[in-house]
Amino acid sequence: MDEIAVGRLTDIADGDYRVFALDKIEVGIFRTGTKVLAYENVCPHAGGPVCQGKIFNQVEEIITPDKKSAGLRFGKQRHIVCPWHGYEYDLATGCHPGDPSVRLTPVKVTVRDGQIYVSLPE
Ligand code: FES
């Protein structure tokens, strides 16, 4: 498995991401604090550039004890929305919130001495 250096952790602001064209695939790298995650930039729905979508906190409906809606709020889970048709994926797991079997393809990524390395699949 080839490992490619793609930049410094400090090149990506906390909560932001970058998309890199590496060899035969595009990879989205997402930073949260000192942690990074990476996914192939291919939406499982129809192949859209999912890693270039908008990121926001999941919208949750507040349900009262008598089962009535008390409005909406932002939760803690961060989602990315595919720009082609709006499928959402939990950034932490890569899974669609309504069907976890629909998920982004993870890519191995590590940070050593402040440098981000991506391991490309063979
Ligand atoms: S290709 Fe991503 S939602 Fe359709």
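The values are calculated or read from the model by the stated rules, or taken from the named source; none is laboratory data. Keep in mind that what you see is a predicted model, and the values were worked out from it rather than measured. Neighbour counts run over all protein chains shown; Cβ positions are idealised from the backbone, glycine included. For the accessible areas, the whole protein counts, side chains as well, though only heavy atoms, and no ligand, DNA or RNA atoms are used. Shrake-Rupley method; radii C 1.70, N 1.55, O 1.52, S 1.80 Å.
Of note:
- Candidate aspartates and glutamates - alpha carbon under 14 Å from residue 54, same-chain residues fewer than 8 apart omitted: 16, 88, 90
- Accessible surface of the chain [probe 1.4 Å, protein heavy atoms]: carbon and sulfur percent: 52
- Charged-residue dipole, Cβ positions (Lys, Arg, Asp, Glu), the chain about Cα centre, Debye nearest 20: 360
- Rough spin-label spacing in nm, given labels placed 7 Å along Cα→Cβ, for residue 119 and residue 60: 3.4
- For residue 102, nonlocal amide neighbours, meaning residues 5 or more places apart or on other chains whose placed amide H falls under 5 Å from its own, are 96.
- FRET efficiency, 1/(1 + (r/R0)^6) with R0 25 Å, evaluated for residue 4 and residue 45 via beta carbons: 0.35
- In summary, the aspartates and glutamates within cross-link reach of residue 24, defined as a Cα separation below 15 angstrom excluding same-chain residues under 8 places away, comprise 2, 3, 40, 122.
- Set of lysines with alpha-carbon distance to residue 67 below 21 Å, sequence-local pairs under 8 removed: none
- Size descriptor, Kirkwood hydrodynamic radius, that averages inverse alpha-carbon separations across the chain, Å: 15.4
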